[in-house]
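Asker: Supplied in structure tokens, the structure appears directly below.
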Amino acid sequence: MFGNRFLTRLMRGLLAAASIFSVTLVPSMELLASDDQSTTGSLPKCLYVSSYHKGYDWSDGVEEGMRSVLAGRCEIMQLDMDTKRRKSTEHKQRVAELAFDTIKTWKPDIVITSDDNAAKYLIVPYHDKVDVPFVFSGINWTVEEYGFPFNNVTGIVEVAPIEPMLSKAISLSGGKRAIYLGANTLTEGKNYQRIRSGADKLGIEMEKVLVSDFNEWALAFSDAQSADFIVMGSNSGIVDWDEKRAQEYALEHTAKLSVTNHGWMMDVTGLGFTKLPQEHGQWVAEAGLAILSGAAVSNIPIATNRKWELWMNNELVESANISIPVNFSRRAKRLAAVD
């Protein structure tokens with residue numbers, strides 16, 4: 001019965017304006033309340049733990065989707081682990097411990113998380129130490145390394161349309177030599193391995209270049225123009241990333257087709273086959289509501305995202321001298337590289 005209700009909620013994709021209690025875990029490890037601290041004691045308590053920080057596009061999209069569903073139906077406390085900018089294992093363990101302390105003291109009815117670090121450092125070590133259900137989102141590709149599902153853990157896995165993206169890159173570029181360019185992070189290493197697997201199936205020869213700072217990225221971007229096409233990984237984790245400089249540099253130096261699965265990389269990429277973070281946020285919120293209504297966590301199977309969008313950066317496509325088929329061009333959303 002609850003499974004049917006859950007599926008119905010997922011199909012509806014309920015939307016509403018949010019005015020909910022929020023708490024942010026800042027780099028100093030302190031908990032700061034937002035200006036809006038209105039709460040309703042009769043509502044269930046939902047703790048949302050984000051692996052990253054406010055202003056990171058993916059996290060903001062997940063939060064937007066989640067809040068659009070939970071608005072007025074759950075009292076939310078939010079903790080941001082800030083592990084994109086603060087990458088040490090010690091920091092990740094410390095903020096996860098603080099999140100666990102919050103679970104014990106605030107006693108939420110459900111814990112919702114986004115992305116890998118919240119799963120690795122909070123759910124895995126602490127899920128069996130509290131009597132509370134966990135619903136995760138944004139875990140990249142597979143949950144195998146975490147051992148999910150557990151009796152009190154379910155969620156949605158983040159997958160990208162790799163083969164459609166790579167197949168289109170081959171047909172448009174006319175070649176099978178590619179370079180993957182991204183930040184030197186654990187997540188990007190994981191992303192590369194999945195994309196490399198898809199590339200192998202299509203006979204693509206792919207080289208990995210992961211960088212730590214902007215100058216390294218700019219040099220690697222220029223060098224990558226020797227390939228048939230470039231797969232743009234995420235810039236998140238490049239410590240001194242400058243969006244305006246990156247846009248200008250990409251426009252000046254683009255000579256080959258570039259493709260990406262990350263919407264926030266479209267300023268420096270020709271074509272995008274992008275995931276929708278809002279889908280993840282809405283899914284975990286709907287799953288959370290189903291659980292709060294009495295559904296067993298074990299009856300909600302782990303899901304994968306089903307939606308993606310096509311994007312085209314007109315200026316960079318022109319710089320690469322690529323002719324885009326009319327059926328793709330009509331469906332793609334447009335983005336100019338530099339305002």
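Where a number appears in this text, it was derived from the coordinates with a stated rule and is not lab data. It should be emphasised that the depicted structure is a prediction, and the values quoted were computed from it without experimental measurement. Reconstructed Cβ throughout: ideal geometry from the backbone, glycine too, with neighbour counts over all protein chains shown.
Asker: Using each residue's phi in region 320-332, evaluate 6.51 cos²θ - 1.76 cosθ + 1.60 at θ = phi - 60° and report the 3J(HN,Hα) Karplus result to the nearest Hz, with x for Gly and Pro.
Answerer: 7, 6, 9, 8, 8, x, 4, 5, 6, 4, 5, 7, 6
Asker: Against the longest alpha carbon principal axis of the chain, how many degrees, from 0 to 90 and to the nearest 10, is the axis of helix 2-12 turned?
Answerer: In the chain, helix 2-12 runs at an angle near 50 degrees to the longest axis.
Asker: Shape call for region 40-94 from the C-alpha gyration tensor, a ≥ b ≥ c root eigenvalues: rounded (a/c under 1.5), prolate (a/b greater than b/c) or oblate?
Answerer: oblate
Asker: Same structure, new question: Would you mind computing Rg(Cα) / (2.2 N^0.38 Å) for region 224-292, counting N as its residues?
Answerer: 1.49
Asker: Related question: Amide H of residue 234 versus every other amide H placed in the peptide plane: which residues, excluding those fewer than 5 positions away on the same chain, fall under 5 Å?
Answerer: Here 183 satisfy the definition.
Asker: Return a whole-number percent for the relative contact order of region 224-339, with Cα pairs under 8 Å and 6 or more residues apart as the contact set.
Answerer: Relative contact order comes out at 29 percent.
Asker: List every residue whose amide H lies under 5 Å from the amide H of residue 76, counting only residues 5 or more places away in sequence or on a different chain, with H placed 1.01 Å from N in the peptide plane.
Answerer: 21, 46
Asker: Next question. Under 18 Å Cα to Cα from residue 120, which aspartates and glutamates show up? Leave out anything in the same chain fewer than 8 places away.
Answerer: Once the sequence-local aspartates and glutamates are set aside, what remains near residue 120 is 80, 82, 90, 97, 101, 128, 144, 145, 158, 188.
Asker: Let me ask you something else. Under 10 Å, Cα contacts only: if you run a Gaussian network model on the chain, which one of 284, 259, 239 comes out with the highest mean-square fluctuation?
Answerer: For the chain, modelled as a Gaussian network with Cα springs under 10 Å, the answer is 239.
Asker: In terms of the Cα gyration tensor, with a ≥ b ≥ c the square roots of its eigenvalues, is region 168-244 rounded because a/c is under 1.5, prolate because a/b exceeds b/c, or oblate?
Answerer: Oblate shape, in that a/c is at least 1.5 and b/c is the bigger or equal ratio.
Asker: Select from 256, 190, 84 the residue whose mean-square fluctuation is largest in a Gaussian network model of the chain (Cα-Cα springs shorter than 10 Å).
Answerer: Among 256, 190, 84, the largest mean-square fluctuation in the Gaussian network model of the chain belongs to 190.
Asker: May I ask you to derive the relative contact order of the chain, considering only C-alpha pairs under 8 Å and at least 6 residues apart, and to give it as an integer percent?
Answerer: The normalised contact order for the chain reaches 19 percent.
Asker: Pull out the extension gain between residue 150 and residue 298, defined as 0.36 nm times the separation in residues minus the alpha carbon to alpha carbon distance; nm, one decimal.
Answerer: Additional length available on full extension: 52.5 nm.
Asker: Separation of region 273-339 and region 135-202 by C-alpha centroid, Å?
Answerer: 14
Asker: Looking at the square roots a ≥ b ≥ c of the eigenvalues of the Cα gyration tensor of region 189-335, which shape do they give, rounded for a/c under 1.5, prolate if a/b is larger than b/c, or oblate?
Answerer: It comes out prolate by the Cα gyration axes.
Asker: Let me know the Rg and Dmax you get for the chain when you use only its Cα atoms, in Å.
Answerer: 20.6, 61
Asker: Identify which of 89, 269, 154 has the largest mean-square fluctuation in a Gaussian network model of the chain, with springs joining Cα atoms closer than 10 Å.
Answerer: Most flexible of the set in this elastic network: 89.
Asker: Straight-line reach from residue 176: which lysines fall under 17 Å, measuring Cα to Cα and dropping same-chain residues less than 8 apart?
Answerer: 168, 201, 208, 256
Asker: Sticking with the crude label model, points 7 Å out along Cα→Cβ, report the distance from residue 131 to residue 193 in nm, one decimal please.
Answerer: 3.8
Asker: I would also like to ask the following. Considering only the chain, what is the antiparallel percent among its DSSP beta bridges, to the nearest 5?
Answerer: Around 20 percent antiparallel, to the nearest 5.
Asker: So what J values fall out for region 140-148 if you push phi through Karplus, 6.51 cos²θ - 1.76 cosθ + 1.60 with θ = phi - 60°, rounded to Hz, Gly and Pro as x?
Answerer: Result, rounded to whole Hz: 6, 6, 8, 9, 4, 5, 9, x, 5.
Asker: Another question about this same structure. Given only helices, namely DSSP H runs of n ≥ 4 each adding -39500 (n - 2.57), what is the per-residue ellipticity at 222 nm of the chain, to the nearest 500 deg cm²/dmol?
Answerer: -11000 deg cm²/dmol
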